[in-house]
């Protein structure tokens, strides 16, 4: 699950979710969460015909596994 989707479920801004993850990075080993590479992000964005202005961050997104989603609920 992408960070933007997880933030929406929790009712917070994506940047706040990412801040909390970075502050607690030791809780998120690689099999819980990883940051997409620039190339992966470009492929993901190319899947959308149009991009809404201001909706997509200039920062690379996080992708969470189901274990990472559960771990993020502890914030």
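The values are calculated or read from the model by the stated rules, or taken from the named source; none is laboratory data. Predicted, not measured: the structure shown is a model, and the values here were computed from it. Backbone-built Cβ (ideal geometry, glycine too); neighbour counts: all protein chains shown.
Values as computed for the structure displayed
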quantity: Qualifying residue in segment 5-19 (condition: in contact with a helix residue (DSSP H, G or I) (Cβ under 8 Å, 6 or more places away or on another chain) and modelled with pLDDT under 90); calculated: no
quantity: Residue in segment 23-43 that is under 20 Å from residue 70 (Cβ atoms), part of a helix (DSSP H, G or I) and modelled with pLDDT of 90 or more present; calculated: yes
quantity: Residue 74, sole failed condition from (1) assigned to a loop (DSSP other than H, G, I, E, B); (2) modelled with pLDDT of 90 or more; calculated: (2)
